[in-house]
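Visitor: Handing you this structure, nothing more for now.
Read-outs: derived from the displayed coordinates by stated rules, not from any lab. Please read all numbers here as calculations on a predicted model, not as lab measurements. When we count neighbours, we look across all protein chains shown, and the Cβ atoms used for this are built from the backbone with ideal geometry, even at glycine.
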């Protein structure tokens with residue numbers, strides 16, 4: 001594990017963007033595993049600037065996102081497809097037809113999970129997976145449990161996750177209670193994993209995840225077993 005502690009969110013975002021940019025420069029047809037939430041916003045902003053400056057070309061890149069709320073259509077402003085289109089895809093020269101997000105409106109979520117796993121396999125796996133981390137140690141929407149779930153699957157969101165995500169909605173009652181998320185297997189099979197975390201309120205869970213025992217009660221702790229893991233943390 002490459003553990004990097006930085007002094008500011010801007011530095012965290014710059015380092016994360018540089019790592020992703022280097023991957024795309026080295027392999028223009030990279031498959032990028034992408035995340036949503038507040039943590040990667042700075043990273044996406046810096047990637048957009050690198051693209052605009054002509055330093056990174058995303059035209060041959062494919063992306064697969066970690067998760068999506070169940071019941072939110074792609075044009076819903078709170079959906080993760082909408083988030084990605086607004087904060088990254090509309091600002092870089094990526095082929096939108098090669099950007100994939102799980103379908104939270106699928107009639108059969110189990111079948112959608114199987115389709116998504118088959119897609120990732122068909123693409124040859126993920127070259128670099130970007131992750132954030134929840135206050136309870138969740139990655140994607142893999143919540144604390146008695147076991148690690150391997151496949152893309154339906155999950156009932158933990159009350160603490162709903163509470164944390166309520167800031168993006170008009171009220172907590174509007175936050176979906178279920179999501180479809182990439183499983184631990186697809187995340188762990190990514191060739192590289194890059195996890196970013198910022199804020200004093202994340203310090204405790206970062207320490208437990210990466211310097212404590214490996215347990216499904218702290219899903220991120222499984223990343224200690226990954227052969228190419230980079231964690232970037234800033235307290236501010």
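Visitor: With a Förster radius of 22 Å, plug the Cβ-Cβ distance of residue 235 and residue 14 into 1/(1 + (r/R0)^6) and report the FRET value to the nearest 0.05.
Guide: So, using R0 = 22 Å, E works out to roughly 0.85.
Visitor: Between residue 200 and residue 60, what length comes free when the chain is fully extended (0.36 nm per residue of separation minus the Cα-Cα distance, one decimal in nm)?
Guide: Numbers: separation 140, 0.36 × 140 = 50.40 nm, distance 3.76 nm.
Gain on stretching residue 200 to residue 60: 46.6 nm.
Visitor: Highest first, please rank the peptides 135-143, 8-16, 68-76, 207-215 by the mean number of other Cβ atoms sitting within 10 Å of their residues. Please list the in-between numbers first.
Guide: Working: 135-143: 22.6, 8-16: 18.7, 68-76: 17.1, 207-215: 14.8.
In decreasing order of mean packing, 135-143, 8-16, 68-76, 207-215 become 135-143, 8-16, 68-76, 207-215.
Visitor: Also: Using the Cα atoms of region 1-103 to build a convex hull, what is its mean projected area in square nanometres? Mind dumping the intermediate values first?
Guide: Numbers: hull surface 27.7 nm².
The orientation-averaged projected area of the Cα hull of region 1-103 comes to 6.9 nm².
Visitor: For region 64-116, what does the alpha-carbon gyration tensor say about shape, rounded, prolate or oblate, given a ≥ b ≥ c as the root eigenvalues, a/c under 1.5 as rounded, and a/b over b/c as prolate? Please list the in-between numbers first.
Guide: Values: a/c = 2.83, a/b = 1.56, b/c = 1.81.
Oblate is the answer for region 64-116, as a/c is 1.5 or above yet b/c matches or exceeds a/b.
Visitor: With only alpha-carbon atoms in the gyration tensor, what are the semi-axes of the equivalent ellipsoid for region 111-212, in Å, largest first?
Guide: 23, 19, 12
Visitor: What's the exposure ranking of 25, 133, going from fewest to most Cβ atoms within 10 Å?
Guide: 25, 133
Visitor: Principal axes first, then extents: for the Cα atoms of the chain, list largest minus smallest coordinate on each axis, whole Å, largest first.
Guide: 44, 40, 36
Visitor: Return 26, 84, 185 ranked ascending by Cβ neighbour count within 10 Å, so the fewest neighbours appear first.
Guide: 26, 185, 84
Visitor: GNM, the chain, Cα, under 10 Å: largest mean-square fluctuation among 223, 32, 123?
Guide: Maximum among the listed residues: 123.
Visitor: Of all beta bridges DSSP finds with both residues in the chain, what is the antiparallel percent, to the nearest 5?
Guide: 30 percent
Visitor: Additional query: In percent, how large is the relative contact order of the chain, given Cα pairs closer than 8 Å and 6 or more residues apart?
Guide: Contact order relative to length: 26 percent.
Visitor: Just to be sure I understand: with springs between alpha-carbon atoms less than 10 Å apart, which residue in 190, 21, 166 has the highest mean-square fluctuation in the Gaussian network model of the chain?
Guide: Of 190, 21, 166, the most mobile in the Gaussian network model is 166.
Visitor: Counting only helical runs of four or more DSSP H residues, what would the 222 nm mean residue ellipticity of the chain come to if each run contributes -39,500 (n - 2.57) and the total is spread over all its residues?
Guide: Calculated from helices alone, the mean residue ellipticity at 222 nm is -9500 deg cm²/dmol.
Visitor: Once you have the Kirkwood Rh of region 158-236 from its Cα pairs, apply Stokes-Einstein at 25 °C and 0.890 mPa s and quote D in µm²/s.
Guide: Estimated diffusion coefficient is 171 µm²/s.
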